[in-house]
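K.L.:
Sharing a structure below in structure tokens format, with a few things to ask.
Here, each number is a calculation from the coordinates, and none is a lab measurement. Note that the coordinates shown come from a computational prediction; the quantities given were computed from them, not determined experimentally. Backbone-built Cβ (ideal geometry, glycine too); neighbour counts: all protein chains shown.
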Amino acid sequence: MPKSTRHPSKLSIVGAGAVGTSLAYAALIRGSASVVSLYDIATKKVEAEVKDLAHGTQFTNSVVMGGDDISVVKDSSVVVITAGAKQKPGQTRLELAATNAKIMESMMPELLKQAPEALYVLVTNPCDVLTVVAQKISGLPTAQIFSTGTMLDTSRLRYLIAQRTKVAQRNVHATIVGEHGDSEFPVWSSANISSVPIRDWSYAGKKVFTDEVLAELAHEAAFAAYDVIEGKGATNYAIGLAGARLVEALLSPTRTALPLSSVLHGYYGIHDVALSLPTLVSSAGIERVLEIPMDPTEVSSLHRSAEQLRTSLAALGY
């Protein structure tokens, strides 16, 4: 990447829908970036959202800007893309692929004109498929364009484990990898609670996490979005918080390990698809995808996840 001329701390969010505005709101409250910019082609909607957010900036340390002119993303440090058709009740993320891939094809070249050196984060679903599409359209290195992937799914899983054990979430270490979708899975072989392997965690002399319990937790974390979408039409608060935390990591010189989705080049023999894995990121973008140990069943699950995404990409001509 050439020497940067990016704004030292400008976050631009593409899409003023439920996810984009929740991310903007979370970033303001957390102080994730000094400038938060919101872009959308829906003029009245984006202007109203920017105004509403700006009215609260007396109580934050950030500046809010935005509008329907794509130049509002100019010189961004980080661009988070949330724009696209939203997931309907009962619809899988992969069913969104064709519509949102077309949106990405028209959007990426225009964004690159304004912020060629920004780090690009995909939130729009299916984010793994769109990460490959956006990377190929843009020609950006994989270190510069990736998605939130299973960052939220992992947070859901840790929440469920913490609730079951009554242990603080910060002491729960479990990660979901693979597709951000139905084929994702937890890496139980290395999951632990305060260094105690999760399968060994016991209460009153009885193992808490049997195979049945682990399967239940994995299913609940993977399919949690469907319940939320059925109840309120969208998932937005949690992904807004996750996105804000990721932005902070991307504006920091310190490396942070997060489960993010990027295009893989030989990871466990997997090429040219984007899957989530523990990843070191910083202001330089992706520095390294961590080679975590997996048991044979988990490696097989990762390959199945890759094949599912490869089929979707092939159907789109990628």
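K.L.:
Leaving out same-chain residues fewer than 8 places away, which aspartates and glutamates sit with a Cα under 20 Å from that of LYS74?
P.N.:
LYS74 reaches ASP40, GLU47, GLU49, GLU105, GLU110, GLU117, GLU248.
K.L.:
Can you pull the Kirkwood radius for segment 50-198, inverse mean 1/r over Cα pairs, to one decimal in Å?
P.N.:
Working: mean 1/r = 0.0564 Å⁻¹.
After inverting the mean inverse Cα-Cα distance, the result is 17.7 Å.
K.L.:
To make sure I understand the rule: partners must be lysines, Cα under 19 Å from the Cα of LYS86, and not fewer than 8 residues away in the same chain. Which ones qualify?
P.N.:
Within the straight-line cut-off, LYS86 pairs with LYS45, LYS102, LYS232.
K.L.:
Continuing with the same structure: In µm²/s, what is D for the chain at 10 °C and 1.306 mPa s, where D = kT/(6 pi eta Rh) by Stokes-Einstein and Rh is the Kirkwood radius from Cα pairs?
P.N.:
For these conditions, the coefficient is 80 µm²/s.
K.L.:
I've got another one for you. Taking the Cα centre of the chain as origin and charging only Cβ (+1 Lys, Arg; -1 Asp, Glu), how large is the dipole, in debye to the nearest 20?
P.N.:
660 debye
K.L.:
Please work out the ratio of the alpha-carbon Rg of segment 36-99 to 2.2 N^0.38 Å and round it to two decimals.
P.N.:
Compared with the compact-globule rule of thumb, segment 36-99 sits at 1.37.
K.L.:
Are there GluC sites (Glu not before Pro) in segment 201-305 that DSSP marks as loop and that have at most 15 other Cβ atoms within 10 Å, and which are they?
P.N.:
GLU291
K.L.:
If the cut-off is 17 Å between C-alpha atoms, which lysines fall inside it for LYS166, apart from same-chain ones fewer than 8 positions away?
P.N.:
Answer for LYS166, where 17 Å is the Cα cut-off: LYS206, LYS207, listed by chain and number.
K.L.:
In percent, what relative contact order does segment 125-220 have, based on Cα pairs under 8 Å that are 6 or more apart in sequence?
P.N.:
20 percent
K.L.:
Pairwise over distinct Cα atoms, reciprocal of the mean inverse distance: report the Kirkwood radius of segment 202-315 in Å, one decimal place.
P.N.:
It is 16.9 Å.
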